Amino acid sequence: MVTVYLCGISSIIAALIGIPLGIWAARSDAADRVISPLIDTLQTMPSFVFLIPVVMLFRVGDVTALIAVVSFAVAPAVRYANHGIRQVSPSLIEASVASGCTRRQILWRVQLPLALPEIMLGSTRPSCWPSAC
């Protein structure tokens, strides 16, 4: 039960950290240029590499496992949120601006609902559907 609890809490913490970072990277090209190399580095390193510095700072235990899993799981959350927000059609954003939406309303009522399948499932759908090609 402790393992299931740690994995669940780690996933929630990774989502709470990763999705706002992904939204920030999608809205700012400068932030994307900083975050993308960090995410690429995190995704290419083996998972036990995250554990070594944390074990040196803390002892082997629950907190160590939590930090290692969060650092391992934050990279896909950032990448999927960034990709999902960037995939929202510019015509839909333009229509929401024309109807008088603020930036916060565009994010919460247009971009996030349309990007939610990408954020939740990753990039499982093809970029070009056969009917749209």
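The values are calculated or read from the model by the stated rules, or taken from the named source; none is laboratory data. All of these numbers come straight from a predicted model, not from anything done at the bench. Here the Cβ is made from the backbone with ideal geometry for all residues, glycine too, and neighbour counts use every protein chain on show. Only protein heavy atoms, including side chains, enter the accessible area calculation; ligands, DNA and RNA are left aside. Shrake-Rupley method; radii C 1.70, N 1.55, O 1.52, S 1.80 Å.
Within region 61-73, none of the residues are modelled with pLDDT of 90 or more and closer than 25 Å to Leu107 by Cα. Within region 43-75, being hydroxyl-bearing (Ser, Thr, Tyr) and open to solvent by 60 Å² or more (accessible area, probe 1.4 Å) holds for Thr44, Ser47. Consider Ser96 carefully, then state whether it is polar (S, T, N, Q), assigned to a helix (DSSP H, G or I), farther than 30 Å from Met1 by Cβ and free of Cβ contacts under 8 Å to residues at least 12 places away in the same chain. No: the conditions fail for Ser96.
Inside region 65-98, can you point out the residues that are within 19 Å of Ser36 (Cα to Cα) and among the aliphatic types (A, V, I, L, M)?
First pass over region 65-98, keeping only residues within 19 Å of Ser36 (Cα to Cα): 70-87.
The answer is Val70, Ala73, Val74, Ala75, Ala77, Val78, Ala81, Ile85.
Considering each of Val78, Val88, Val110 in turn, give the residue that is outside any helix (DSSP H, G or I), β-branched (Val, Ile, Thr) and at pLDDT 90 or above. Working first, answer last.
Working: Val78 fails: outside any helix (DSSP H, G or I); Val110 fails: outside any helix (DSSP H, G or I).
None of the other options fit; the residue is Val88.
Residues of region 1-23 that are farther than 16 Å from Ser71 by Cβ and either touching a Lys or Arg at 6+ places or on another chain (Cβ under 6 Å) or crowded, with 17+ Cβ neighbours inside 10 Å (or both): Ile23 alone. Cβ-Cβ contacts under 6 Å between residues 6 or more apart (or on different chains), taken from a first residue in region 45-69 that is within 13 Å of Ala14 (Cβ to Cβ) and assigned to a helix (DSSP H, G or I) to a second residue that is of a type in the set (Phe, Trp, Tyr) and open to solvent by 50 Å² or more (accessible area, probe 1.4 Å), are listed as Phe50/Phe72.
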